[in-house]
């Protein structure tokens, strides 16, 4: 299990201040037991056995109540996949380093999953990890969280949190993947607050008008073709057949040149 980061900002966290000592203690123990994507089994029996293996007197009811309190203040989010309970830390990516390629547990919003956690060197351990059939094309294991309980994010992060709060999980994942892609392309490609606000507004408007799937496919298409910007025309066509405007102009010019050549 990789080491986890605990920041001093927890001392002034308003979310944690609403918890009892036991609930806060469980919060920390869940952090060190979650997988590399901030997810964990949501069954109280599993949580008790992993977080408190030597506390025989601790009841499952106490665990259930503490988990409910953590969810109430936004420290964790509870969800189900195939009628099985799971939990995850919505602010995980702000505070922890994601090293594994896959998660041990299905993502929120997915129906089935096939994820095997691996270590920092990329060595997979299928025998020790649960296996799921993966059926969420757009989920990449990254969540856009609500306001983090551990300290305050920067201006751009706060804007990202607030403006994507109404997005569905698949669209949130696509936004996160696009921002990660731009980050990997270098510092000059990263968004500043004004640019990020414009981007998120346009994504929200296009998703509302043409549907989440069309918007997600446009993002995936733009990333797979290594474009600097999202191909917005592709959203309007439902993700089929669109090209960047520059490419469209080039094609029209080539067609015109071909016609002139044939006429000459």
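The values are calculated or read from the model by the stated rules, or taken from the named source; none is laboratory data. Bear in mind the structure is a predicted one, so any value in this text is a computation, not a measurement. Cβ coordinates were reconstructed from backbone atoms using ideal geometry, including for glycine residues, and neighbour counts include every protein chain displayed.
Summary of values
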read-out: Condition check for residue 75: farther than 14 Å from residue 105 by Cβ and under 23 Å from the mean Cα position of the chain (by Cα); value: yes
read-out: Flag for residue 217 being part of a helix (DSSP H, G or I), surrounded by fewer than 18 Cβ atoms within 10 Å (Cβ to Cβ) and without any contact (Cβ under 8 Å) to a residue 40 or more places away in the chain; value: no
read-out: Given (1) closer than 26 Å to residue 165 by Cα; (2) in contact with a helix residue (DSSP H, G or I) (Cβ under 6 Å, 6 or more places away or on another chain), index of the condition residue 90 fails; value: (2)
read-out: Filter result (farther than 20 Å from residue 161 by Cβ and in a helix (DSSP H, G or I)) within the stretch 178-205; value: 184, 187, 188, 189
read-out: Qualifying residues in the stretch 73-86 (those that are closer than 22 Å to residue 16 by Cβ and free of Cβ contacts under 8 Å to residues at least 40 places away in the same chain) - the one surrounded by the fewest Cβ atoms within 10 Å (Cβ to Cβ); value: 78
read-out: Residue check for residue 65: in contact with a helix residue (DSSP H, G or I) (Cβ under 9 Å, 6 or more places away or on another chain), more than 23 Å from residue 160 (Cβ to Cβ) and either buried (at least 20 other Cβ atoms within 10 Å of the Cβ) or assigned by TED's automatic domain parsing to the domain that holds residue 171 (or both); value: no
